[in-house]
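Accompanying notes for the structure given below.
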Amino acid sequence: MNPEKFVRELESIFDSDAVLTSSEDLVAYGYDASRLQGIPLCVVFPSSSQQLCELFDRSVRYGIPVFPRGAGSGMTGAAVPLERGIVVSMERMNRIIDIDTENMTCEVEPGVVTGVLQAEVEKYGLFYPPDPSSLQFSTIGGNVATGAGGPRAVKYGVTRDYVMWLETVVPIGRVIKTGSKAIKSVVGYDLTRLLVGSEGTLGIFTRIGLRLIPAPDPSWLILVTFSSPHAAADLVCNILKSRFIPSALEFMDSSVLNIVDTSGIAIPPGTEAAILIEVDDPLFVRERVMKDIHHLCRIGGALSIEQARSDEEKARLWKLRRSISPALSKIRIGKINEDVAVPRKVLPDLVVRIRELSREVDLPIPVFGHAGDGNLHVNIMYDPKDPGERTRAQTAVSRLFEIVLNLGGTISGEHGVGIAKTPFVRKELSDDTLELMWKIKRAFDPRNILNPGKLFIPNHAFIGR
Ligand SMILES: Cc1cc2nc3c(=O)[nH]c(=O)nc-3n(C[C@H](O)[C@H](O)[C@H](O)COP(=O)(O)OP(=O)(O)OC[C@H]3O[C@@H](n4cnc5c(N)ncnc54)[C@H](O)[C@@H]3O)c2cc1C
């Protein structure tokens, strides 16, 4: 079908200001934080499920692909339009429909920004814990589609643990409702959990029901430094083994501590790694918990222990952790950011193996992340202009995934597969598993028009069957 004619048909479905076709807009909605880029045919901004049903009806009829999009902060290209299709930006469906304080639940549209929802529920003494570092701009719809998590996952879990029900428009042009407003529901297959983390390949969420919990007491923070990364990782295991569950347990190695602004923070000479511990237990048991954690730090060989209680002190320590990502470009311009995860007890082994890998490929590999979940951000830094470094960086990715899988882990704890990790999915999932996933995909999307090219790659033997 003639693309111009198709776009004109869309103008009969969407409001006049809800279809963008200028080249600037097509570029702006064609990439995400992975730096992968595509150019769509047009961008549309739905305001109802009905519009999406009509869109799917036409896209299926004319074979034009559809690419759902939240804020475009994904790290793997999952929202990038690989083919000339329609980018469906959910950013204008951004209403908080209801906050139910009695049931401690809320109902939102997918374009609500995560941090906005958190601030809103806090006004009622409630708490929505999932806290990806992108929470000031990423959307709840994107968080659900990627199963996003953050530092608090160690205690409170990830987005998946808070999704109660979903209203989803599927490519066969139907609106399905999965899950329940009741806390418990075991009727039928749990399609809600299947849809969470499906990276926009099965349907487009239009309403989301979330569980909330009572807001905890204001947290305290501790920064602990060590002369070896292994000792720092050991502390994480020892804290959890001692049955303390901090609300964050973040790891930073010396190469990241060397590039961030540490002024006003005591980092002793010889520091090779640090752990940031956030504790939000009720205030009446807090002193006792802190005393025990201090003890574990000391017997674990801590070089220094700095505690922060005031908002200002806490902000300083969190700033240190949150400023790592942007500061990495001081090491090299090229960065491959992997977010591998391993069972927690082998975290110290992973940290050691990454140091060995860095020496083996002769590239800096700074590491930081959510140690409490065994989930580390491993940054393979290289000079894009140096062909040798480029090749060694690719080798490092393959080697890293082998190490992680041998330790019983996963190639992605948070960011998902998108486009970037499709070549590696087979290292983790068997062909039988992938084929079954493909059959599920085809049940939702028989014509493969929804977010094609993500999760699966065309040369999987079963594609096309
Ligand atoms: C600085 C920075 C820090 C980050 N920190 C974290 C972190 O700590 N933890 C973490 O998990 N991630 C993190 N991320 C990655 C990213 O923010 C998350 O993956 C986030 O969930 C993506 O949300 P988004 O709204 O930007 O979605 P997008 O990037 O626009 O889309 C992501 C996926 O969701 C799909 N999608 C979006 N909306 C819908 C919908 N309504 N229905 C169906 N599918 C939809 C898209 O098709 C795509 O597959 C970070 C990214 C940046 C840039």
| message | Show me the helices (runs of 4 or more DSSP H) found entirely inside region 211-310 where at least 2 residues are of a type in the set (Ser, Thr, Tyr). | response | 254-257
| Do we have any residue at all in region 10-33 that's within 15 Å of the ligand (Cβ to nearest atom), among the aliphatic types (A, V, I, L, M) and either within 30 Å of Gly413 (Cβ to Cβ) or touching a helix residue (DSSP H, G or I) at 6+ places or on another chain (Cβ under 9 Å) (or both)? | yes
| message | Every residue in region 63-102 that is within 8 Å of the ligand (Cβ to nearest atom), under 15 Å from Val27 (Cβ atoms) and either assigned to a loop (DSSP other than H, G, I, E, B) or at pLDDT below 95 (or both), please. | response | Gly72, Ala79
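This table checks each residue for (1) out of contact with any Pro (no Cβ under 7 Å at 6 or more places or on another chain); (2) in a loop (DSSP other than H, G, I, E, B); (3) under 15 Å from Leu194 (Cα atoms); (4) not hydrophobic (A, V, I, L, M, F, W, C).
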| site | (1), (2), (3), (4) |
| --- | --- |
| Gly111 | yes, yes, no, yes |
| Gly115 | yes, no, no, yes |
| Gln118 | yes, no, no, yes |
| Val121 | yes, no, no, no |
| Phe137 | yes, yes, no, no |
| Gly141 | no, no, yes, yes |
| Gly150 | no, yes, no, yes |
| Lys181 | yes, yes, no, yes |
| request: Give me a count of the residues in region 34-62 that are part of a loop (DSSP other than H, G, I, E, B) and within 10 Å of the ligand (Cβ to nearest atom). | output: 2
| field | Selection within region 354-397 - closer than 25 Å to Gly150 by Cα and surrounded by fewer than 22 Cβ atoms within 10 Å (Cβ to Cβ) | value | Arg355, Pro364, Val397
| message | Based on this model, can you work out whether Gly115 counts as out of contact with any strand residue (DSSP E or B) (no Cβ under 9 Å at 6 or more places or on another chain), small (Gly, Ala, Ser) and within 21 Å of Arg211 (Cβ to Cβ)? | response | yes
| task | Name the one entry in Gly188, Gly179, Gly157, Gly209 that is away from the ligand (no atom under 11 Å from the Cβ) and over 29 Å from Ile449 (Cα atoms). | result | Gly157
| request: Could you check, for region 289-311, whether at least one of its residues is basic (Lys, Arg) and within 22 Å of the chain's Cα centre (by Cα)? | output: no
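The values are calculated or read from the model by the stated rules, or taken from the named source; none is laboratory data. Computed from a predicted model, the values in this text were never measured in an experiment. With ideal geometry, Cβ positions are generated from the backbone for all residues, glycine too; neighbour counts draw on all protein chains shown.
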